[in-house]
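The values are calculated or read from the model by the stated rules, or taken from the named source; none is laboratory data. Quantities reported herein were computed from a predicted structural model and do not represent experimental measurements. FYI the Cβ positions are ideal-geometry reconstructions off the backbone, even for glycines, and counts take in every protein chain you see. Only protein heavy atoms, including side chains, enter the accessible area calculation; ligands, DNA and RNA are left aside. Shrake-Rupley method; radii C 1.70, N 1.55, O 1.52, S 1.80 Å.
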Protein chains: 2
Amino acid sequence: MQAPTKRTKLKRLHEYGRYDRGTIYAILDAMPVAHVSYVLDGAPVVTPTLQWREGDRIYWHGSAASRMLETAKDMPVCVAVMLIDGLVLARSGFNHSVNYRSAMLFGNAEAVKEAAAKTKHLETFMERILPGRWPALRPMSTKELKATTILTIPIDEASAKVTSGMPKDDDEDYAFPVWAGIIPISLFVHAPESDPRNLPGLEVPEHAKSFNIG
Amino acid sequence: MQAPTKRTKLKRLHEYGRYDRGTIYAILDAMPVAHVSYVLDGAPVVTPTLQWREGDRIYWHGSAASRMLETAKDMPVCVAVMLIDGLVLARSGFNHSVNYRSAMLFGNAEAVKEAAAKTKHLETFMERILPGRWPALRPMSTKELKATTILTIPIDEASAKVTSGMPKDDDEDYAFPVWAGIIPISLFVHAPESDPRNLPGLEVPEHAKSFNIG
């Protein structure tokens with residue numbers, strides 16, 4: 001991974017900044033929800049989407065009619081992936097904070113153009129989130145594939161920030177008589193709910209029962 | 001609320017778009033985590049932060065040394081707040097989707113400058129998240145207040161998107177023999193953990209026990 005450039009540094013010059021690939025990959029793999037920002041008519045726009053990682057790249061996709069995807073193509077984007085792990089309640093308001101894991105990536109969004117490659121990436125995405133589901137689905141049509149845009153950036157100009165643990169209060173504040181601690185937060189996956197329109201006899205598949213996030 | 005302008009429309013022209021203030025407020029109030037994007041040297045940057053709503057404005061804050069806050073001041077920003085409510089498993093890959101609630105706001109970020117106003121906003125933020133905590137804390141110092149930047153935009157050029165329920169498959173796909181349904185996802189708040197450095201006899205306060213998010 002190249003050294004963080006000016007833009008990255010501007011965003012991540014805190015003591016918690018981590019630039020190692022393993023930390024960044026772990027965050028990207030734990031959390032499909034991403035926020036992709038781009039510039040439209042000189043002004044910023046940010047939209048939530050799902051990302052997935054393949055090796056040293058991330059991908060995201062959507063409708064070919066999406067203005068976000070059309071605008072971002074071949075343009076600089078910034079992608080943020082963030083997991084909130086808890087609130088940190090300190091002895092002063094100032095030292096309150098949040099425990100979180102976040103990754104930030106910069107790059108020029110490239111579109112995946114070739115049909116077979118697009119199909120393979122979509123399969124990889126599905127298999128990553130719901131292993132075994134792709135082969136069971138009604139196969140993708142040519143029309144659907146054309147209606148799907150996939151964008152990608154390399155994990156190159158990237159950084160991560162991870163904070164955890166108890167509050168870091170000013171030394172003298174530890175004598176102040178107020179409860180301090182953390183309130184842990186995580187994502188919770190509930191039991192799958194079957195579509196009432198399912199054909200009779202279809203049972204909840206293993207990939208739906210074992211899905212995890214966070 | 002003014003009609004969505006060109007930029008907003010570009011982002012939210014789907015059938016699920018909702019522009020009513022109540023829907024947007026409910027999303028902002030349920031989820032403090034926001035992604036703020038701005039333009040730096042012509043390129044987009046997006047960073048996670050916490051937002052809170054006061055009437056028809058949202059606020060966010062951070063270190064006065066933060067390049068994000070310094071760059072965004074008096075500049076156009078886009079703020080996204082998003083909650084993932086579940087995965088939607090359809091009968092085709094194409095119709096898979098995510099149930100979510102998201103709000104998107106555009107505006108020029110204004111800094112709150114006056115000291116008393118800054119203090120009041122920080123107190124409101126704390127009281128919103130952890131009612132009753134602010135008066136119990138070691139009071140904010142003048143130095144800390146100066147080191148804190150608060151930015152705000154009106155909830156004016158804004159939109160929301162809410163999706164829920166079972167997959168919407170193509171009519172003919174309902175005869176395809178694959179399980180379909182949803183996997184609900186929510187945020188989970190765990191029991192508070194006390195700082196081992198707490199003074200003896202301090203009990204977990206009610207605001208920490210009853211904290212909720214999502």
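Quick rundown of the values:
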{"quantity": "Selection status of A:Leu151, under 17 Å from the mean Cα position of the chain (by Cα), facing another protein chain (nearest Cβ under 7 Å), open to solvent by less than 30 Å² (accessible area, probe 1.4 Å) and closer than 24 Å to B:Leu87 by Cα", "calculated": "no"}
{"quantity": "Criterion (within 30 Å of B:Met75 (Cβ to Cβ), open to solvent by less than 20 Å² (accessible area, probe 1.4 Å) and either outside any strand (DSSP E or B) or of a type in the set (Asp, Glu) (or both)) met by exactly one of B:Glu123, B:Glu144", "calculated": "B:Glu144"}
{"quantity": "Residue satisfying all of: in region A:178-198; in a loop (DSSP other than H, G, I, E, B) and open to solvent by 60 Å² or more (accessible area, probe 1.4 Å); nearest to the other protein chains (Cβ to nearest Cβ) among these", "calculated": "A:His190"}
{"quantity": "Any pair with Cβ under 6 angstrom, 6 or more apart, that starts in region B:189-210 at a residue that is closer than 24 Å to A:Val189 by Cβ and ends at one that is at pLDDT 95 or above and in a loop (DSSP other than H, G, I, E, B)", "calculated": "B:Val189/B:Phe211; B:Pro192/B:Val204"}
{"quantity": "Verdict on A:Pro131 being open to solvent by 20 Å² or more (accessible area, probe 1.4 Å) and either farther than 24 Å from B:Asn95 by Cβ or within 9 Å of chain B (Cβ to nearest Cβ) (or both)", "calculated": "no"}
{"quantity": "Matching residues, region B:159-177, being in contact with a helix residue (DSSP H, G or I) (Cβ under 7 Å, 6 or more places away or on another chain) and facing another protein chain (nearest Cβ under 7 Å)", "calculated": "none"}
{"quantity": "Verdict on B:Arg21 being touching a Leu at 6+ places or on another chain (Cβ under 6 Å) and more than 7 Å from chain A (Cβ to nearest Cβ)", "calculated": "no"}
{"quantity": "Meets criteria (open to solvent by 20 Å² or more (accessible area, probe 1.4 Å) and either at pLDDT 95 or above or not charged (D, E, K, R) (or both)) for A:Ser63", "calculated": "yes"}
{"quantity": "Complete set of residues in region A:10-25 that are closer than 17 Å to A:Ile155 by Cβ, of a type outside the set (S, T, N, Q) and either open to solvent by 50 Å² or more (accessible area, probe 1.4 Å) or modelled with pLDDT of 50 or more (or both)", "calculated": "A:Gly17, A:Arg18, A:Tyr19, A:Asp20, A:Arg21, A:Gly22, A:Ile24, A:Tyr25"}
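Conditions (1) open to solvent by 40 Å² or more (accessible area, probe 1.4 Å); (2) within 24 Å of B:Asn95 (Cα to Cα), marked per residue:
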{"site": "A:Ile27", "(1), (2)": "no, no"}
{"site": "A:Asp41", "(1), (2)": "yes, no"}
{"site": "A:Gln51", "(1), (2)": "no, yes"}
{"site": "A:Arg67", "(1), (2)": "yes, yes"}
{"site": "A:Glu70", "(1), (2)": "yes, yes"}
{"site": "A:Ala80", "(1), (2)": "no, no"}
{"site": "A:Ile84", "(1), (2)": "no, no"}
{"site": "A:Ala103", "(1), (2)": "no, no"}
{"site": "A:Ala111", "(1), (2)": "no, yes"}
